[in-house]
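K.L.:
Following this message is one structure expressed as structure tokens.
The values are calculated or read from the model by the stated rules, or taken from the named source; none is laboratory data. Remember, it's a predicted structure, so these values are computed and weren't measured experimentally. So basically every Cβ, Gly included, is an ideal-geometry build from the backbone, and we count neighbours across all protein chains shown.
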């Protein structure tokens with residue numbers, strides 16, 4: 001027997017390797033198209049999330065800007081138009097507050113209440129019931145007020161203070177000649193449901 005005869009040859013009848021202890025065989029087949037699809041998906045996923053976030057930021061930014069301009073922007077709520085609106089509300093409210101006749105007392109008081117709000121409304125309601133109504137009916141009091149000057153002292157989006165110069169004439173059954181009174185008052189206003197209402201009344 002020669003040396004070549006001693007060379008071990010693969011045994012054709014030897015069984016294929018099977019999974020066993022210490023041996024693992026990967027039987028998964030990889031299609032080239034599938035591998036390319038997986039790579040494409042992995043490349044796209046990181047891009048989609050930032051795009052969505054960027055879109056959300058743009059939308060939220062636009063919404064915040066719109067709300068600021070249309071609803072919360074202070075300079076639009078304290079401009080000349082807002083100042084005039086507060087002045088008009090203060091004038092009309094004071095005239096209604098200080099003017100009444102015994103013949104139309106209930107209607108006059110109701111009209112004045114429509115210009116008031118908060119604790120001042122409660123105070124006025126009690127004051128007219130306990131003081132003004134008995135005196136007006138007993139002495140036949142008639143009062144009329146006229147605003148001769150006005151200026152905005154403070155103006156904010158939902159509150160304002162207006163300085164008013166008021167002349168008031170009062171007549172009664174005992175004194176038919178008008179008694180004239182000049183006064184200066186600070187009127188505080190609050191915006192309630194878009195309308196300026198008097199919340200405080202302070203003689204100066």
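K.L.:
Find the residue count for segment 160-204, including only residues that are touching a residue at least 40 places away in the same chain (Cβ under 8 Å), surrounded by 14 or more Cβ atoms within 10 Å (Cβ to Cβ) and over 17 Å from residue 114 (Cα atoms).
P.N.:
The total comes to 7.
K.L.:
When only residues in segment 79-113 that are in contact with a helix residue (DSSP H, G or I) (Cβ under 6 Å, 6 or more places away or on another chain) and assigned to a helix (DSSP H, G or I) count, which is farthest from residue 160 (Cα to Cα)?
P.N.:
105
K.L.:
Let me ask something additional. Testing residue 111 on (1) on the phi < 0 side of the Ramachandran plot; (2) modelled with pLDDT under 95, one condition comes back false. Which one is that?
P.N.:
Only one criterion is unmet by residue 111, namely (2).
K.L.:
Okay, moving on. Within segment 159-184, work out how many residues are touching a helix residue (DSSP H, G or I) at 6+ places or on another chain (Cβ under 8 Å) and within 14 Å of residue 89 (Cβ to Cβ).
P.N.:
3
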